[in-house]
1. Quick one: compute the contact order of segment 20-119, relative version, from alpha carbon pairs under 8 angstrom and 6+ residues apart, as a percent.
2. Under a 1.4 angstrom probe, counting protein chains only, how are Glu76, Glu24 ranked by accessible area, largest first?
3. About the Cα centre, and with charges only on the beta carbon of Lys, Arg (+1) and Asp, Glu (-1), how big is the dipole of segment 44-109? Nearest 20 debye, please.
4. Just check the chain against the gyration tensor rule for me: Cα atoms, a ≥ b ≥ c as the square roots of the eigenvalues, rounded for a/c under 1.5, and otherwise prolate or oblate depending on whether a/b exceeds b/c.
5. Using only protein heavy atoms and a 1.4 Å probe, report how much of Thr95 is accessible, in Å² to the nearest 10.
6. As a test question: what accessible area, to the nearest 10 Å², does Met18 have when a 1.4 Å probe is rolled over all protein chains in place?
7. Going by a ≥ b ≥ c, the root eigenvalues of the Cα gyration tensor, does segment 53-119 fall in the rounded group (a/c under 1.5), the prolate group (a/b larger than b/c) or the oblate group?
8. In whole Hz and in residue order, list the ³J(HN,Hα) couplings for segment 104-115 that follow from phi through the Karplus curve 6.51 cos²θ - 1.76 cosθ + 1.60, θ = phi - 60°; x for Gly and Pro.
Amino acid sequence: MVLTGGEVSDVKGYGPVMAEPGPEPKVMLGDKGYDADAILSDLEDRGVAAIIPPRRNRKGQRPIDGCLYSLRNLVERCFSKLKHSRRLATRYDKTATSYLGFILIASARLWTRHFVNRT
(Lines give C-alpha, C1' and ligand atoms only; values in the text may rest on other atoms or scores of the structure.)
Protein backbone atom coordinates (compact mmCIF):
# COMPACT_ATOMS: atom_id res chain seq x y z
CA MET A 1 0.00 0.00 0.00
CA VAL A 2 1.32 3.42 -0.96
CA LEU A 3 -0.14 6.65 0.35
CA THR A 4 -0.31 9.62 -2.04
CA GLY A 5 -1.87 13.04 -1.75
CA GLY A 6 -5.60 13.40 -2.27
CA GLU A 7 -5.13 15.53 -5.39
CA VAL A 8 -2.71 13.10 -7.09
CA SER A 9 -4.09 11.39 -10.18
CA ASP A 10 -4.25 7.61 -10.56
CA VAL A 11 -1.57 7.72 -13.23
CA LYS A 12 1.02 9.11 -10.80
CA GLY A 13 0.11 6.55 -8.14
CA TYR A 14 0.63 3.59 -10.47
CA GLY A 15 4.45 3.64 -10.46
CA PRO A 16 4.97 3.53 -6.67
CA VAL A 17 2.43 0.74 -6.25
CA MET A 18 4.02 -1.41 -8.94
CA ALA A 19 7.50 -0.79 -7.47
CA GLU A 20 6.44 -2.31 -4.12
CA PRO A 21 7.71 -5.82 -3.42
CA GLY A 22 5.25 -8.65 -3.78
CA PRO A 23 3.98 -11.22 -6.24
CA GLU A 24 3.76 -10.25 -9.88
CA PRO A 25 0.16 -9.51 -10.90
CA LYS A 26 -1.57 -11.44 -13.68
CA VAL A 27 -4.48 -9.02 -14.19
CA MET A 28 -4.85 -5.28 -13.57
CA LEU A 29 -8.39 -4.10 -12.82
CA GLY A 30 -8.68 -0.35 -13.03
CA ASP A 31 -11.09 2.42 -13.83
CA LYS A 32 -10.77 4.96 -16.63
CA GLY A 33 -8.25 6.93 -14.56
CA TYR A 34 -5.63 4.27 -15.39
CA ASP A 35 -6.19 4.50 -19.16
CA ALA A 36 -2.81 5.95 -20.12
CA ASP A 37 -0.43 4.77 -22.82
CA ALA A 38 2.48 4.52 -20.37
CA ILE A 39 0.52 2.29 -17.99
CA LEU A 40 -0.84 0.09 -20.76
CA SER A 41 2.60 -0.40 -22.32
CA ASP A 42 4.15 -1.17 -18.91
CA LEU A 43 1.46 -3.77 -18.22
CA GLU A 44 2.02 -5.31 -21.65
CA ASP A 45 5.79 -5.51 -21.00
CA ARG A 46 5.11 -7.27 -17.68
CA GLY A 47 2.69 -9.71 -19.31
CA VAL A 48 -0.26 -8.44 -17.27
CA ALA A 49 -3.77 -8.45 -18.71
CA ALA A 50 -5.13 -4.88 -18.53
CA ILE A 51 -8.84 -4.73 -17.75
CA ILE A 52 -9.17 -0.96 -17.99
CA PRO A 53 -12.02 0.64 -19.92
CA PRO A 54 -10.89 3.25 -22.43
CA ARG A 55 -11.74 6.91 -21.98
CA ARG A 56 -14.34 8.39 -24.27
CA ASN A 57 -11.87 10.60 -26.10
CA ARG A 58 -9.52 7.71 -26.99
CA LYS A 59 -9.59 7.15 -30.74
CA GLY A 60 -9.04 3.39 -30.59
CA GLN A 61 -11.69 1.91 -28.29
CA ARG A 62 -10.45 -1.48 -27.11
CA PRO A 63 -12.83 -4.11 -25.75
CA ILE A 64 -12.67 -5.25 -22.12
CA ASP A 65 -13.89 -8.40 -20.41
CA GLY A 66 -17.05 -7.38 -18.57
CA CYS A 67 -16.99 -10.36 -16.20
CA LEU A 68 -13.47 -9.58 -15.00
CA TYR A 69 -14.19 -5.85 -14.81
CA SER A 70 -17.19 -6.51 -12.56
CA LEU A 71 -14.78 -7.91 -9.94
CA ARG A 72 -13.53 -4.34 -9.43
CA ASN A 73 -16.70 -3.86 -7.41
CA LEU A 74 -15.12 -5.93 -4.62
CA VAL A 75 -12.31 -3.41 -4.31
CA GLU A 76 -14.74 -0.50 -4.25
CA ARG A 77 -16.77 -2.22 -1.51
CA CYS A 78 -13.60 -2.72 0.52
CA PHE A 79 -12.85 1.02 0.33
CA SER A 80 -16.43 1.73 1.36
CA LYS A 81 -16.10 -0.53 4.41
CA LEU A 82 -12.82 1.13 5.35
CA LYS A 83 -14.51 4.53 5.21
CA HIS A 84 -16.98 3.38 7.86
CA SER A 85 -14.15 4.20 10.24
CA ARG A 86 -14.77 7.88 10.84
CA ARG A 87 -11.08 8.53 11.42
CA LEU A 88 -10.25 7.34 7.89
CA ALA A 89 -13.10 9.10 6.14
CA THR A 90 -12.40 12.49 7.72
CA ARG A 91 -8.57 12.21 7.81
CA TYR A 92 -8.06 13.44 11.37
CA ASP A 93 -4.43 12.32 11.48
CA LYS A 94 -1.85 15.05 11.03
CA THR A 95 0.94 12.91 9.61
CA ALA A 96 0.90 10.50 6.69
CA THR A 97 2.58 7.82 8.82
CA SER A 98 -0.15 7.80 11.45
CA TYR A 99 -2.87 7.86 8.76
CA LEU A 100 -1.28 4.90 6.95
CA GLY A 101 -0.94 3.08 10.28
CA PHE A 102 -4.64 3.45 10.96
CA ILE A 103 -5.47 2.25 7.44
CA LEU A 104 -3.50 -0.90 8.19
CA ILE A 105 -5.28 -1.37 11.53
CA ALA A 106 -8.71 -0.91 9.93
CA SER A 107 -7.75 -3.32 7.13
CA ALA A 108 -6.67 -5.96 9.66
CA ARG A 109 -9.95 -5.47 11.51
CA LEU A 110 -11.90 -6.13 8.31
CA TRP A 111 -9.72 -9.13 7.50
CA THR A 112 -10.18 -10.77 10.90
CA ARG A 113 -13.97 -10.64 10.57
CA HIS A 114 -13.71 -13.56 8.15
CA PHE A 115 -12.29 -15.78 10.90
CA VAL A 116 -14.99 -15.10 13.50
CA ASN A 117 -18.08 -17.31 13.70
CA ARG A 118 -21.03 -14.94 13.43
CA THR A 119 -23.80 -17.42 14.32
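The values are calculated or read from the model by the stated rules, or taken from the named source; none is laboratory data. What you are looking at is a predicted structure, and each value in this text was computed from that prediction instead of being measured. Please note: Cβ atoms are built from the backbone with ideal geometry, for glycine as well, and neighbour counts cover all protein chains shown. Ligands, DNA and RNA are excluded from the accessible area calculation, which covers all protein heavy atoms including side chains. Shrake-Rupley method; radii C 1.70, N 1.55, O 1.52, S 1.80 Å.
1. Relative contact order comes out at 19 percent.
2. Accessible-area ranking of Glu76, Glu24, largest first: Glu24, Glu76.
3. Dipole of segment 44-109, to the nearest 20 debye: 360 debye.
4. Values: a/c = 1.98, a/b = 1.55, b/c = 1.28.
Cα axes put the chain in the prolate bin.
5. Number for this one is 80 Å².
6. Its accessible surface works out to 40 Å², give or take rounding.
7. Values: a/c = 3.66, a/b = 1.59, b/c = 2.31.
Since a/c reaches 1.5 but b/c is at least a/b, the shape of segment 53-119 is classed as oblate.
8. Karplus-based 3J(HN,Hα) across segment 104-115 equals 5, 5, 5, 5, 5, 5, 5, 5, 6, 4, 6, 9 Hz.
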